[in-house]
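The values are calculated or read from the model by the stated rules, or taken from the named source; none is laboratory data. Every value quoted in this text rests on a predicted model; they were computed, and no experiment measured them. Quick reminder, even Gly has a Cβ in these numbers, built from the backbone with ideal geometry, and neighbours come from all protein chains shown. SASA here: full protein model, heavy atoms, side chains in, ligands and nucleic acids out. Shrake-Rupley method; radii C 1.70, N 1.55, O 1.52, S 1.80 Å.
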Amino acid sequence: MGIGDLTEFRLAGKTLYSLGLIKGTEGNLSTFDGRVLHITRAGACLFELTTDDVVEGTLDEPPPNASSDLRIHLRLYGEPDARAVVHAHPGGSVPEGWMEGQPHGIYVHGGSLEEAVGAAIRSTRTVHAVAFEGDVVRILDQTRLPNEEHYIECRTVDEVAAAIRRLAVRGAPVLGIAAAYAMVLAARGSAAPDRGGVLLDLDAAGRSLVDTRPTAVNIRWAVDRVRARATDAEGAEGVAEAVLGEARIIEREDAQACSTMGRIGRKLIPDGANVLTHCNTGMLCTAGIGTALGVIYSAHLAGKRVHVWVDETRPVWQGARLTTWELERLAVPHTLIADAAAGSLMAAGQVDLIIVGADRIAANGDVANKIGTYPLAVLARHHGIPFYVAAPTSTVDPATLSGASIVVEERDPAEVTRPLGLAVAPGGTPAANPSFDVTPADLVTAIVTERGIVHPPYDVGLREVAGERGTA
Ligand code: MRU
């Protein structure tokens, strides 16, 4: 096998090992290019593979010293898109008293080893911020993290809207997914006697969802998308089915967009980089590995030694509570800092680049994101540090020409005076709580999307990836 292929096997093995998904001689790997099968030999240590450890054959004539799980690998290559198989042993996946030949651990296939490793990690560690199950939208209540993993079940649009408003679910892409599933509840729960009436109820539900968080454009984008699909449906039941179908597609596409952004964006992260990020942009706010955090995670998976400075992100502490929680689960080295520490770290040469997510990107490249993002961009410019934004094209809003017309959500001042319920200011202190700020396009070095990295001039590049101006 070529040295490139061995490198791919080694990287996959080391990644599984560093994440605790294998130890000793556990696990095995294979690839199949449509003709040649490469598979780890029986007894190989995946985290220190040598050339002799990966053996070659075909599906009809497999190598004699292949892993004892050979038969399972061969079976998985019956799947149409399988080009790689990963077998790992996450904690608890090997039954007590297990004997050779019995099912154990996980077997995951993918289009490449890297993809299969990603899927293996997701299957064991993915956080499901939102899921549509039976008749409920199930939401991981992020206000209780990191102390408690508590799920709430929403059965009506109003319940989903309330969960969005109080930040039980948050982050632009997953807000779109939650809104899309809330539209299913609206369609199913409609008392209207006919299709026309259900569509009117959907419109009302859509408006109430869009109002919950006015800056995150993904809500409007998702509502419009499921509503458009409903237009073509037949009968009241057909409407609900169509909305559910589209919502599922939105969720799947978001997961895929995250993986693609990760693969594309990690080129921007040098080996050994100290990366600063703000707010939370990971699995908790997408259906996949995340946007900015997904890029960082992807660089980590590719073997780059990355260290993350995590801004605490006041006043709601998405960085301190959520990003650290995610990075810890993914074994990415990180350090939490007070938001105010970012500038001096940059001055001390301890930040190589900044990468953040977005709640809305205007047609000219102005970026609305969590309050505190804009000062980071200004500091980055002053210190000559690249400032990147990672967001799916569903966050690009061609109908918003510039940041000047982005509505910035104003939240309850109590989030500032009583963060996490603790009074930090005298009672009655006047406080302002703008939830987002707008970073002008000229401070943004590049925007990572699932359709490529966009460089200035953004009006041209964003039009290419996200299309023309729509309706506001
Ligand atoms: O108020 P939040 O927590 O919803 O704000 C979230 C952010 O600002 C994120 O950076 C943005 O939504 C991108 S999420 C991938």
Does Ala129 satisfy the criteria of being closer than 27 Å to Leu293 by Cβ, under 21 Å from the mean Cα position of the chain (by Cα) and not charged (D, E, K, R)?
yes
With (1) more than 23 Å from Ala216 (Cα to Cα); (2) without any contact (Cβ under 8 Å) to a residue 40 or more places away in the chain; (3) not small (Gly, Ala, Ser) as the list, and Val310 as the residue in question, which single condition is left unmet?
(1)
All positions within segment 313-352 that are in a loop (DSSP other than H, G, I, E, B) and more than 17 Å from Ile296 (Cβ to Cβ):
Arg314, Pro315, Val316, Trp317, Ala338, Ala348, Gly349
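Conditions tested, residue by residue: (1) more than 16 Å from the ligand (Cβ to nearest atom); (2) in contact with a helix residue (DSSP H, G or I) (Cβ under 7 Å, 6 or more places away or on another chain).
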position	(1), (2)
Ala191	yes, no
Gly196	yes, no
Leu199	yes, yes
Ala204	yes, no
Leu209	no, yes
Ala216	no, yes
Arg220	no, yes
Val223	yes, yes
Val226	yes, yes
Scan segment 426-444 residue by residue and report those that are open to solvent by 30 Å² or more (accessible area, probe 1.4 Å), part of a loop (DSSP other than H, G, I, E, B) and of a type in the set (A, V, I, L, M).
Ala431, Ala432
Cβ-Cβ under 6 Å, sequence separation 6+ or interchain: first residue in segment 128-146 and free of Cβ contacts under 8 Å to residues at least 12 places away in the same chain, partner in a strand (DSSP E or B). Which pairs?
Ala131/Arg138
Of the residues in segment 19-49 that are over 20 Å from Ala88 (Cβ atoms) and open to solvent by 40 Å² or more (accessible area, probe 1.4 Å), the one that is nearest to the chain's Cα centre (by Cα) is Asp33
Of all the residues that make up segment 274-326, how many are touching a His at 6+ places or on another chain (Cβ under 8 Å) and more than 21 Å from Gly372 (Cβ to Cβ)?
1
Out of all the residues in segment 1-10, which are modelled with pLDDT of 90 or more and either hydroxyl-bearing (Ser, Thr, Tyr) or open to solvent by 10 Å² or more (accessible area, probe 1.4 Å) (or both)?
Thr7, Glu8, Arg10
Residues of segment 204-219 being in contact (Cβ under 8 Å) with a residue 60 or more places away in the chain and not hydrophobic (A, V, I, L, M, F, W, C), which ones?
Arg213, Pro214, Thr215, Asn218
Restricting the search to segment 141-178, which residues are hydrophobic (A, V, I, L, M, F, W, C) and either away from the ligand (no atom under 14 Å from the Cβ) or surrounded by fewer than 17 Cβ atoms within 10 Å (Cβ to Cβ) (or both)?
Ile152, Cys154, Val157, Val160, Ala161, Ala162
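Test Thr286 against the criterion of being open to solvent by less than 10 Å² (accessible area, probe 1.4 Å), in contact with a Cys (Cβ under 9 Å, 6 or more places away or on another chain) and either away from the ligand (no atom under 13 Å from the Cβ) or among the hydroxyl-bearing types (Ser, Thr, Tyr) (or both), and give yes or no.
yes
Quick grid of which residues meet (1) crowded, with 24+ Cβ neighbours inside 10 Å; (2) aromatic (Phe, Trp, Tyr); (3) more than 10 Å from the ligand (Cβ to nearest atom); (4) farther than 25 Å from Leu21 by Cα:
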position: Ala299; (1), (2), (3), (4): yes, no, yes, no
position: Ala302; (1), (2), (3), (4): no, no, yes, no
position: Glu312; (1), (2), (3), (4): no, no, yes, yes
position: Glu328; (1), (2), (3), (4): no, no, yes, no
position: Thr335; (1), (2), (3), (4): no, no, yes, no
position: Leu345; (1), (2), (3), (4): no, no, yes, yes
position: Gly349; (1), (2), (3), (4): no, no, yes, yes
position: Ala363; (1), (2), (3), (4): no, no, yes, yes
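I'd like the full set of residues that are at pLDDT 80 or above and part of a loop (DSSP other than H, G, I, E, B), limited to segment 79-106.
Residues satisfying the conditions are Glu79, Pro80, Asp81, Ala82, Arg83, His89, Gly105.
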Got at least one residue in segment 401-415 being open to solvent by less than 20 Å² (accessible area, probe 1.4 Å), more than 15 Å from the ligand (Cβ to nearest atom) and more than 20 Å from Cys285 (Cβ to Cβ)?
no
Residue count for segment 272-283, restricted to those that are more than 17 Å from Phe387 (Cβ to Cβ) and either within 11 Å of the ligand (Cβ to nearest atom) or open to solvent by less than 10 Å² (accessible area, probe 1.4 Å) (or both):
3
